[in-house]
1. Identify, by number, the condition in (1) in contact (Cβ under 8 Å) with a residue 60 or more places away in the chain; (2) acidic (Asp, Glu); (3) assigned to a helix (DSSP H, G or I) that residue 624 doesn't meet.
2. Take the range 352-364 and flag every residue that is over 23 Å from the mean Cα position of the chain (by Cα) and part of a helix (DSSP H, G or I).
3. Looking at (1) under 25 Å from the mean Cα position of the chain (by Cα); (2) not in a helix (DSSP H, G or I), which one does residue 349 not meet, given that it meets all the others?
4. With respect to residue 313, is the statement that it is buried (at least 23 other Cβ atoms within 10 Å of the Cβ) and touching a helix residue (DSSP H, G or I) at 6+ places or on another chain (Cβ under 8 Å) true?
5. Going by what's in this entry, would residue 250 be described as closer than 28 Å to residue 304 by Cβ and either of a type outside the set (Phe, Trp, Tyr) or assigned to a helix (DSSP H, G or I) (or both)?
6. Let me spell it out: the conditions are (1) closer than 29 Å to residue 304 by Cβ; (2) not in a loop (DSSP other than H, G, I, E, B); (3) not hydrophobic (A, V, I, L, M, F, W, C), and residue 162 meets all of them except one. Which number is the exception?
7. State yes or no: is residue 637 assigned to a loop (DSSP other than H, G, I, E, B) and among the small types (Gly, Ala, Ser)?
8. What's the total number of residues in the range 409-431 that are part of a loop (DSSP other than H, G, I, E, B) and either under 20 Å from residue 159 (Cα atoms) or assigned by TED's automatic domain parsing to the domain that holds residue 621 (or both)?
Amino acid sequence: MSFFQELKRRNVIRVGIAYAVTSWLVVQISDVVIDNIGAPGWLFKGILLLLGIGFPVVMIFAWAFELTPEGIKKEKDVDRTQSITPTTGRKLDFTIIALLVMALGYFIWESRFTGREKGSEKGSEPFSEVAIESTAAGTEKGSDPFSDPFSADLEKSIAVLPFTTRSEVENDKFFSDGMHDDLLTQLSKIGDLKVISRTSVMEYRDTTKNLRQIGTELGVAAILEGAIQRSGNQVRINVQLIDARTDRHLWAENYDRELTTENLFAIQTEIAKAIASALEATLSPAEQQRIEQSKLTENLEALQAYQRGRLMAHEGLDEEILSRAEKETALALELDPNFAAAWALQAKIQMEFHWQVQNSDKRLAAARQAIEKGRAINPDLPELDIAEGYYHYWGFRDYASAIRVLEPLLVSYPNNAEVHEVLAYIYRRQGRFDEALQQLHSAFELEPRSVNLAVELSNTYQLLREFEKAREFLNIAEALGPTSQSFYRQAGQVQYVIDGDPAAAVRSWEHVKTANLWEIWRANAAMGNFDLAQDFEVFRDAWWGGEIQFSPELMRGLTLRLSGDLAAAVPDLEKAITHYREKLVESPNDFHLLKPLCWAEGARNAPEQAAQVCGLALKNLRDDQFDRNVHRQDIAGGFAMAGLNAEALDLIESVLSERAGPSRVELQLDPLLRSLHEEPRWQKLMAEPVTH
């Protein structure tokens, strides 16, 4: 009898299979239990070691001993004619089958638990493919982006799904999300890869969609899944890279390390390099150096505070959240004053406060100081370039200086959607509209699930009077975020500017918590809806800040004037005029004061004063191509209310001759320009086609 036949006769092979399946189940169950009870990381290693040692012991035992009706005996002492190994073998077969059924059940449960269920219902995200098709990737409507012949770089595209953690501890979740964010930062530095940015992948946390759906929606070929477990001073990170088209595993690795910043950054570097290798992406020497020099701090607590602050800053423009982000970042800097990336984040948060909440010289000074401290530590850190770009742009509208620090990041930080986005806004203000659109489309390729980017594309095409494109991206925004504030804001714009339906616009704008009261007032005025009691209630205590100073007296005066009661309007208008002229003593060329004064003088029918003030407003209008012609339209309204029709029409003709600006529909709805409608020149201007 051969050796192999003897192994079979003695049931050694069956015992080996049963032991292997049992060990696999023990490992999987231990993984879950140890993680949830917070046991130390060495316990899991101990179980693996015992199972490994046990295998040869069990094999030797199965060879040397046999189970008999009288108990366990040495195999050499058993009469083969009395052996019951065939019966024992059948029992082992049943045991193996039962174990395999248990293993299969666990595998199915694990797949569902981690969101990898294959059978997600078709149509659960009906618009997802349309959204992808409408990006600048160039896929034809209804086509499969994976087979699109124009998607030559698809093979080198990846989405990193949010890392999973079974822990319910909030800090562990922050840690997991922070590691995910750090890895995205690393991958974003590889120019030969297309890496989907954070906003678009976060919606797939705990998703039941299969990988092909996710890949299609994000326009990528590969997806990285990961799980993080913390136990005491140990961390385990499991990652697997999967081809989203075939579900084939391209690469996987487990990292069990002591929880130190050095180990965490080393793991991120290893993962980034492994992904680049698996996707056959070329790493330039400069990119390799940037990835290998990714260590931000030696202090683990400082790193975790920084990660929390950065994640909070990602959440939006809410003042309370920004304040929490500021505190976490300050803690990181207290723990490690040499944390350059934390200085960059602190500067960025200061500029968010300055631009989004309230202009503040104190915030500007704090941002400048943070940038300088960060530069002294790590002058080439990309995050400092981004923060400085915002400092020049949001702080001083110094577009040239902002571009100087941001444009090089298109090479060194090519997959950072934020860089493309902020450059688009700067180019747009400079009147470089084609470049702005190019950057917005690039950002949208990296953030294909971003409602805000879809809205900004719609807004930009609307500004350029490319109305079909504006509608297209508004439809994408609606599919991505039908209840989002930014969608409702832009929907109102399209309904007013393109559709000429101010009633629909007001209904959309009423969904916006921070609604622009001026736009709502103007839409109501276009319909002749002057509910004086309601308007006065709004204007009584209102002081509309921001770029234009809308005082309560001005708005009440305009309401009365446009409703036909000039006599009643004059007292409020004169109070507004006094207020603005007093303010102008301190700032004689402040456009933010000159424009509303132009309205007030025009509305009270004072042509000489209106001509002087409206002319001065035009002279002091900043060179900002994004909103320049909107302001010129408003100044034309001041001329028109004063009866200076020729001056108003000259301005409107100039506005319509330029590529970007208000639509003819919007101009005809404007209540400040209503007195021009009987002018033959106006009628001719409204009838002429757009020539640019």
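The values are calculated or read from the model by the stated rules, or taken from the named source; none is laboratory data. These numbers were taken from a predicted model, which means no experiment stands behind them. Glycine gets a Cβ as well: all are built from the backbone with ideal geometry, and neighbour counts include every protein chain shown.
1. Single failed check for residue 624: (3).
2. Once the filter is applied, which keeps residues that are over 23 Å from the mean Cα position of the chain (by Cα) and part of a helix (DSSP H, G or I), the range 352-364 yields 361, 362, 363, 364.
3. (2)
4. Criteria not met by residue 313.
5. No; evaluated as a whole, the condition is false for this residue.
6. Residue 162 satisfies all of (1) closer than 29 Å to residue 304 by Cβ; (2) not in a loop (DSSP other than H, G, I, E, B); (3) not hydrophobic (A, V, I, L, M, F, W, C) except (2).
7. The answer is no for residue 637.
8. Counting residues in the range 409-431 that are part of a loop (DSSP other than H, G, I, E, B) and either under 20 Å from residue 159 (Cα atoms) or assigned by TED's automatic domain parsing to the domain that holds residue 621 (or both) gives 4.
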